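One structure is given here, and the rest of the page talks about it.
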Amino acid sequence: MKYKITLHGTVYEVEVMDGKASIVDEYEATAPVATPVSAPAPATPAPAAAPAPAAVTAAGETVTAPMPGTILKVLCQQGASVKEGDVLVILEAMKMENEILAPRAGTVAQVVVSPSTTVDTGAVLVVLS
């Protein structure tokens, strides 16, 4: 069998037969020429950042996020009357849809979030008057 062995920058071609090794050829090692590779183009564009929640401008009782997550649906609108227990917002957290309910009857004074908004625990979602 023939083997190529590199030792201190010199390449030796060695042949081993019947348990005996003999050098067949000896030459200086040369590094292969690397061909430049251009950076691959991104397959898909980076996702756009989720919109930030709006500032709270209305006075009243705030309905806040009980956990961090992403707003999937807003089921109320400003000026709408709601009853205690009505679903105001659907919040996705840990791949589960969580219904955020109205804590009391009232009128929606402001909807602070919109679908795709990312919120932290305690972020204001809706203001009731």
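The values are calculated or read from the model by the stated rules, or taken from the named source; none is laboratory data. Nothing here was measured: the structure is a model prediction, and the numbers come from that model. Positions of Cβ are generated from backbone atoms using ideal geometry, with glycine treated the same way; all protein chains shown enter the neighbour counts.
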Query raised in the report: If you take the residues in the range 86-107 that are part of a loop (DSSP other than H, G, I, E, B) and under 33 Å from the mean Cα position of the chain (by Cα), which one is surrounded by the fewest Cβ atoms within 10 Å (Cβ to Cβ)?
Result: K95
Query raised in the report: When residues of the range 54-68 are filtered for being of a type outside the set (A, V, I, L, M) and either in a loop (DSSP other than H, G, I, E, B) or at pLDDT 95 or above (or both), how many remain?
Result: 4
Query - Tabulated pairs, the range 93-120, first not assigned by TED's automatic domain parsing to the domain that holds Q77, second in a strand (DSSP E or B) and small (G, A, S), C-beta under 6 angstrom, 6+ apart or interchain - result: none
**Report entry** Matching option when the condition is modelled with pLDDT of 95 or more, closer than 14 Å to T62 by Cβ and hydrophobic (A, V, I, L, M, F, W, C), among V112, V89, V119, V127
**Finding:** V89
